[in-house]
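J.: Questions regarding the structure given below will be posed in turn.
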Amino acid sequence: MLRTCDVLVAGAGLPGLAAAVALARSGLSVVLADRSPVAVPPIDPETWDARVYAISPGSAAFLSAIGAWQALPEDRMTAVEAMAIEGDRGADLGFDAYDLGERALAWIVEERELRAALVPQVHSTGVEVVAPAAFASLDWTPGGGTLTLEDGRRISARLVVGADGLSSWVRAAAGMASEPVPYAQTAVVANFACERPHRGVARQWFRPDGGVLAWLPLPGNRISIVWSAPSAQADDLARLSHEALASRVSEAGSHALGRLDVVTPPARFPLRFLRLPSVIAHRLALVGDAAHGVHPLAGQGVNLGFGDAQALAAVLGARGPVADPGAPILVERYARQRAVPVLAMQGVTDGLARLFASTLPGVPLLRNLGLSAVSKLPPVRHALARPALR
Ligand SMILES: Cc1cc2nc3c(=O)[nH]c(=O)nc-3n(C[C@H](O)[C@H](O)[C@H](O)COP(=O)(O)OP(=O)(O)OC[C@H]3O[C@@H](n4cnc5c(N)ncnc54)[C@H](O)[C@@H]3O)c2cc1C
């Protein structure tokens, strides 16, 4: 059985879902395939998803344009009004939404809520979903790519969009050899109830051991944490009792919000970096983590993925007389549009992760001096914040 379409989006994580919707909205026939079912997740309002994202104002505007942002329940989102960052020797740096002329620096939203907002858009825009479906092989002709599934079904597209994550099968099947590089850190995520109100402030501590602890505000007196720690330490943290973990997290954050109590038990994510020489190949465009892996310290991975989806849909939507959505001129235009924003974000996040992990003599002092200097220079502070907002 052969199904033909303009674009096959292979991978239905958040960037893949958004890409499928945005491409369908620009008038293309789209098939979305994933090994897991593509469905609205069951949501128990008494519980909180351990996976939460800081969604930038730029991503929020894109999600709004494709009909998903307005579907998010207001009582499950928190505006980040300010951010307080502390270096490992006491230096600090702050960002304020008001100061930057923004309603919020970001919105904290649970993954399952984002999926629940995007999946109905997939169906209402006429995207054909092929899931659950295990990928078996990918073959290329001058005019497109054909994905064969393990059950023998085939999907042929003028353009294949690889949206299948950091260890992308599509990327490997296209002969792109690059592999993600481990950071030797693992992120521990968990949610907590806090004694004192967070007042919409996100907090982040760079730690002397090279780790980074972030507290993100959730609705009510709750926070979500991302503790990127040396992997052995992360394993220890995840093994602690809930009481001991809450006490360690509170102590690591100088008890800024008083007593903490675990709301959602910890989950672990090994951290890896990926930089590709190119995010495109013949009849192929990569989006999301398949195209780039960044350290979560700036909360930008999924935002970069949404940026990819938006750029690809804009390029294909404005293709004018070029009827073929997989034409090299369009795919190259997409790669050019994404090169600078992705490089800049990777440079900042990877640079900071490595700078704060360094134990070379003098470096700890210098990095803290740098943080203080940025804090005293509003134009530099603004220049640093702008790319993260958009
Ligand atoms: C701890 C942590 C915190 C983070 N916090 C933030 C944040 O606050 N803000 C932010 O912007 N980003 C954040 N990120 C980054 C964000 O999680 C990722 O960038 C994003 O989830 C990547 O989405 P993706 O769809 O590209 O990949 P994935 O989420 O990995 O999705 C890939 C999809 O492809 C499918 N797939 C994979 N392989 C196959 C195959 N062989 N066959 C069929 N289907 C396949 C999978 O089933 C899945 O649906 C964080 C990351 C971590 C680890």
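J.: Given the criteria at pLDDT below 95, assigned to a helix (DSSP H, G or I) and in contact with a helix residue (DSSP H, G or I) (Cβ under 8 Å, 6 or more places away or on another chain), does Ala313 qualify?
T.: Taking the combined requirement at face value, the residue does not satisfy it.
J.: Could you look through region 135-166, keep only residues that are closer than 16 Å to Arg3 by Cα and part of a loop (DSSP other than H, G, I, E, B), and pick out the one that is farthest from the ligand (Cβ to nearest atom)?
T.: Looking at residues that are closer than 16 Å to Arg3 by Cα and part of a loop (DSSP other than H, G, I, E, B), I get Gly143.
J.: Oh, and also: Just one of the numbered conditions (1) closer than 30 Å to Ala97 by Cβ; (2) in a loop (DSSP other than H, G, I, E, B) is not true of Ser36; which one?
T.: Failed condition: (1).
J.: Taking only pairs six or more apart or across chains, which ones have beta-carbon atoms under 9 Å, a first residue in region 317-328 that is in contact (Cβ under 8 Å) with a residue 40 or more places away in the chain, and a second residue that is surrounded by 14 or more Cβ atoms within 10 Å (Cβ to Cβ) and among the acidic types (Asp, Glu)?
T.: Note: pairs meeting the criteria are Asp324/Asp6; Pro325/Asp6; Gly326/Asp6.
So that you can scan it fast, the table gives a plain yes or no per residue for (1) under 19 Å from the mean Cα position of the chain (by Cα); (2) modelled with pLDDT of 95 or more; (3) within 16 Å of the ligand (Cβ to nearest atom); (4) under 15 Å from Ala313 (Cβ atoms):
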site	(1), (2), (3), (4)
Gly13	yes, yes, yes, no
Leu17	yes, yes, yes, yes
Val21	yes, yes, yes, yes
Ala33	no, yes, yes, no
Thr47	no, yes, no, no
Ser59	yes, yes, yes, yes
Ala68	yes, yes, yes, yes
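Conditions (1) farther than 21 Å from Ala20 by Cα; (2) surrounded by 15 or more Cβ atoms within 10 Å (Cβ to Cβ); (3) hydrophobic (A, V, I, L, M, F, W, C), marked per residue:
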| residue | (1), (2), (3) |
| --- | --- |
| Val161 | no, yes, yes |
| Pro182 | yes, no, no |
| Gln185 | yes, yes, no |
| Leu213 | yes, yes, yes |
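J.: Something else about it: Would you check if Leu284 is buried (at least 19 other Cβ atoms within 10 Å of the Cβ) and either over 29 Å from Ser168 (Cα atoms) or touching a strand residue (DSSP E or B) at 6+ places or on another chain (Cβ under 9 Å) (or both)?
T.: Judged against the criteria, Leu284 is a match.
J.: What are the residues in region 199-257 that are of a type in the set (S, T, N, Q), over 18 Å from Thr78 (Cβ atoms) and touching a residue at least 60 places away in the same chain (Cβ under 8 Å), if any?
T.: Ser228
J.: For region 22-37, how many residues are surrounded by 22 or more Cβ atoms within 10 Å (Cβ to Cβ) and within 27 Å of Ala187 (Cα to Cα)?
T.: Here the count works out to 1.
J.: Could you grab me the full set of residues in region 294-310 that are outside any helix (DSSP H, G or I) and within 8 Å of the ligand (Cβ to nearest atom)?
T.: Val294, Gly299, Gln300 - these are the residues of region 294-310 that are outside any helix (DSSP H, G or I) and within 8 Å of the ligand (Cβ to nearest atom).
J.: Among what's in region 324-379 and is among the acidic types (Asp, Glu) and assigned to a helix (DSSP H, G or I), pick the residue that is surrounded by the most Cβ atoms within 10 Å (Cβ to Cβ).
T.: Asp350
J.: Could I ask something else about it? Please work out which one of (1) over 30 Å from Ala357 (Cα atoms); (2) away from the ligand (no atom under 15 Å from the Cβ) is the condition Val130 fails and give its number.
T.: Going through (1) over 30 Å from Ala357 (Cα atoms); (2) away from the ligand (no atom under 15 Å from the Cβ) one by one, Val130 breaks only (2).
The values are calculated or read from the model by the stated rules, or taken from the named source; none is laboratory data. Computed from a predicted model, the values in this text were never measured in an experiment. Virtual Cβ from ideal backbone geometry, glycine too; neighbours counted across all protein chains shown.
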